[in-house]
1. What are the residues in segment 115-124 that are closer than 17 Å to residue 205 by Cβ and in a helix (DSSP H, G or I), if any?
2. Step by step: first the residues of segment 172-184, then only those that are closer than 27 Å to residue 238 by Cα and exposed (fewer than 15 other Cβ atoms within 10 Å of the Cβ), then the one that is modelled with the highest pLDDT. Which residue is that?
3. Return the residues of segment 154-184 that are closer than 20 Å to residue 141 by Cα and not in a loop (DSSP other than H, G, I, E, B); say none if nothing qualifies.
4. Taking helices (runs of 4 or more DSSP H) that fall entirely within segment 1-114, which contain at least 1 residues that are at pLDDT below 90, out of contact with any strand residue (DSSP E or B) (no Cβ under 6 Å at 6 or more places or on another chain) and within 23 Å of residue 131 (Cα to Cα)?
5. Go through segment 230-253 and count every residue that is surrounded by fewer than 10 Cβ atoms within 10 Å (Cβ to Cβ) and either in a helix (DSSP H, G or I) or in contact (Cβ under 8 Å) with a residue 12 or more places away in the chain (or both).
6. Quick check, is residue 200 within 30 Å of residue 12 (Cβ to Cβ) and out of contact with any helix residue (DSSP H, G or I) (no Cβ under 6 Å at 6 or more places or on another chain)?
7. Evaluate segment 88-108: report whether one residue or more is more than 21 Å from residue 196 (Cβ to Cβ) and under 19 Å from the mean Cα position of the chain (by Cα).
């Protein structure tokens, strides 16, 4: 097999893995239902391009019908290449809307020089996207956050917010009007990076926040990447922990009634004095890279 053929084979396996993991997340969390109109938030970055491509594939093979509309928020950042996304989406033949709002000027006015802009920018962006979803009649809002984003948020909240909180794969907005989904919740960032490069997406950098070197998220990201290099399997184990929470073994009295706990038989057994699991003794489900059947969306209450 030639070098070029080997590379293509590797990319095909990578694409299958991303598709399978996305379909699994969509099914596990009931993200998309029959008749949904999914608004894909397209920033011009590797994550949102991968999200759009993968959802388009699932749209073809899923046992349900749903539509897709891509939405980009043009925040009027200096030098933003306004032509890139419309040209790309026109070639793709996907329905889309470009929303123009000068949030850049608001952020620069309100945030002191040297301070990070993400908090205000994200609030403004969220409000605009919610409004746009309502105008378009979208039933789901799809964001490109992946597995690593969820872990980074967990550590950011622990280190700087004093809370054990991450990004949920699916959530309902505070006013109850919108459902936000993260179909790439199971996908590794390094897989997305390789895939985006292979696909040749026209990446648009974020000049507003992406270049800020003092972002706490960047520090967390580097910490996790270093762990991934030094301790293979650690990241997988940490992500598994997000799906395997035991409230009685934490310390939040709003989640578990410690005050009423008494000496009665426990349905799940007494593990208070059990030895912790030894490194290497845990197991992870292996992925069948060459599986032709991809588990995709399950219809709710089918």
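1. Passing the criteria: 118, 121.
2. For segment 172-184, the residue satisfying everything is 172.
3. Going residue by residue through segment 154-184, those that are closer than 20 Å to residue 141 by Cα are 166-184.
Selection gives 170, 171, 172, 179, 180, 181.
4. Numbers: elements: 3-28, 46-61, 84-92, 103-110.
Helices (runs of 4 or more DSSP H) meeting the threshold: 103-110.
5. Counting residues in segment 230-253 that are surrounded by fewer than 10 Cβ atoms within 10 Å (Cβ to Cβ) and either in a helix (DSSP H, G or I) or in contact (Cβ under 8 Å) with a residue 12 or more places away in the chain (or both) gives 2.
6. Numbers: within 30 Å of residue 12 (Cβ to Cβ): yes; out of contact with any helix residue (DSSP H, G or I) (no Cβ under 6 Å at 6 or more places or on another chain): yes.
It is true that residue 200 is within 30 Å of residue 12 (Cβ to Cβ) and out of contact with any helix residue (DSSP H, G or I) (no Cβ under 6 Å at 6 or more places or on another chain).
7. No, every residue in segment 88-108 fails to be more than 21 Å from residue 196 (Cβ to Cβ) and under 19 Å from the mean Cα position of the chain (by Cα).
Results for (1) outside any helix (DSSP H, G or I); (2) modelled with pLDDT under 95, shown as yes or no for each residue.
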residue	(1), (2)
186	yes, no
195	no, no
198	no, no
201	yes, no
206	yes, yes
212	yes, yes
221	no, yes
262	yes, yes
271	yes, yes
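The values are calculated or read from the model by the stated rules, or taken from the named source; none is laboratory data. If you're wondering where the values come from, they're calculated on a predicted model, not measured in any experiment. Cβ: placed from backbone, ideal geometry, glycine included. Neighbour counts: every protein chain shown.
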